[in-house]
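A short write-up of the structure that comes next.
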Amino acid sequence: MCVSLLSEEPITFNNMPLALRDIQTMSDLLEHLGVQIKVENGKAILHLQGDQIDNSTAPYDLVRKMRASILVLGPLLARTGHAKVSLPGGCAIGTRPVDMHIMGLEAMGAKIRLEDGYIIAEAPNGLHGAKIAFPKVTVTGTENIMMAAALVDGETVINNAAMEPEVTDLGECLVKMGAEIEGLGTSRLVIRGKKKLHAATHDVIADRIETGTFMIAVALCGGTLRLKKARPDTLRALIGILEAAGVSITEDGEDVIVSKPEGVRIKGIDIMTEPYPAFPTDLQAQFMTMLTLCEGAGMVTETIFENRFMHVPELVRMGANISTQGNSAIIRGVQKLKGAPVMATDLRASVALVLAGLVAEGETFVHRIYHLDRGYENVVEKLAACGADISRIR
């Protein structure tokens, strides 16, 4: 959505999850900056046009709701020559600093300072191409620099770039707008920007984390699901591990069919989260929930975020046998979970607790589900359509 800041011409996105709270948050922020936004009634289509960007300040009240708001920094700076963006909020799963965003933009000629909780960036003479080497993989950092570089007349090279499918999808959208990008899907990106980008229509990639969540739900509960237009090529790490644990996965054109006989326990298995193409941190909580009912034991090691085991005490309240040490957790399978009132602490933890409730005896009440609405569109309705006994209280 932030690419709308890079062009005066209209940008259209198909396959948009318009009911997500994060989509509304980003829409509110972009409208504040001057982007015109229109939703096609009854369709997953979003039109954006930034023909007059009349504000270059992203205020705290909007940015605090979602960390991805930092993605307006690069486009605003490239388009207007200045930007004032609040330091971001979002899920409380770790520090996730923005220093690499700042480092990359400074290499491109920006003057940046932090003042009163805001990033104040200026490029009075415009940005220029640069060679940037990230000290560690950063998805939003890669995306911010890609977008800024797309509107810079010159060549920018990003080494140790994030390889996530979402980064590639963004790059393909920028190419449709007129930028030249080499190396999409690899750790080295070469962006040759243009002084002006044009209109584009782009089909947004399927959400691999939502897809993976439903695949894990089958592993946990049993049954068979067909996941339509699911892009299994973006989930090879998860698919291989689920198959090793005893889940049957077949591909039928663009669809994925996932099945596991009810009553058959999956095997305990170990995972370690790492940047793509390894196992994604955004599926760690769901996978741990699956392991609570496994045969034997499994270990989960989290290497991306330092506070991403906050769902563990809640699963233990439901009868799970989990012990943690540092960034690793040992999950010993139990015969059953029991329903309990639990509290979601972040986006992925919230859906993990919903999954636990699907297999637990009795009723489970998940509180603070506003996290859930940020990243899962109509999840109650989707699960109910698959046979879950689930309802939203408020």
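Overall shape of the chain was characterised from the C-alpha gyration tensor. The equivalent ellipsoid obtained from it has semi-axes of 38, 21, 20 Å, in decreasing order.
By DSSP, the beta bridges lying fully in the stretch 2-203 are antiparallel in about 75 percent of cases. Working note: Cα gyration tensor of the stretch 288-394, eigenvalues times five, square-rooted, sorted largest first, giving semi-axes of 23, 17, 12 Å. Among rounded, prolate and oblate, which fits the stretch 72-161 when a ≥ b ≥ c are the square roots of the eigenvalues of its C-alpha gyration tensor, a/c under 1.5 means rounded, and a/b larger than b/c means prolate? Note, shape of the stretch 72-161 comes out oblate. Out of all DSSP beta bridges with both ends in the stretch 227-364, state the antiparallel percent to the nearest 5. Expressed as a percentage, antiparallel bridges in the stretch 227-364 total about 75. Taking every DSSP beta bridge that has both ends in the chain, the antiparallel portion is near 75%. Indicate the gyration tensor shape class of the stretch 2-203 (rounded, prolate or oblate), computed on the Cα atoms with a ≥ b ≥ c the square roots of the eigenvalues: a/c under 1.5 is rounded; otherwise a/b larger than b/c is prolate and the rest oblate. Rounded shape, in that the Cα axes give a/c under 1.5.
For the stretch 274-349, applying the loop criterion from DSSP together with a ceiling of 15 other beta carbons within 10 Å to the GluC sites (Glu not before Pro) yields GLU306.
Taking packing as the residue-averaged number of other Cβ atoms within 10 angstrom, the listed peptides 243-250, 139-146, 59-66 run from highest to lowest as 139-146, 59-66, 243-250. Peptides 157-164, 47-54 ranked from most to least packed by the mean count of surrounding Cβ atoms within 10 Å: 157-164, 47-54. Over the chain, Cα pairs under 8 Å with separation of 6+ residues give a relative contact order of 12 percent. Placing +1 on the Cβ of every Lys and Arg and -1 on the Cβ of every Asp and Glu, with no other charges, gives the stretch 208-385 a dipole of roughly 280 debye about its Cα centre. Each residue of the stretch 365-374 is assigned a 3J(HN,Hα), and the resulting list reads 10, 9, 9, 6, 7, 4, 4, 4, 5, 6 Hz, derived from the Karplus form 6.51 cos²θ - 1.76 cosθ + 1.60 (θ = phi - 60°), x at Gly and Pro. The Cα atoms of the stretch 208-385 give a gyration tensor whose axes a ≥ b ≥ c have a/c under 1.5, which makes the shape rounded. Counting only aspartates and glutamates at least 8 places from LYS195 when in the same chain, those with an alpha carbon closer than 13 Å to its own are GLU8, ASP153, GLU155, GLU180.
A short reminder: the numbers here are calculations on the coordinates, not readings from a lab. Computed from a predicted model, the values in this text were never measured in an experiment. Glycine gets a Cβ as well: all are built from the backbone with ideal geometry, and neighbour counts include every protein chain shown.
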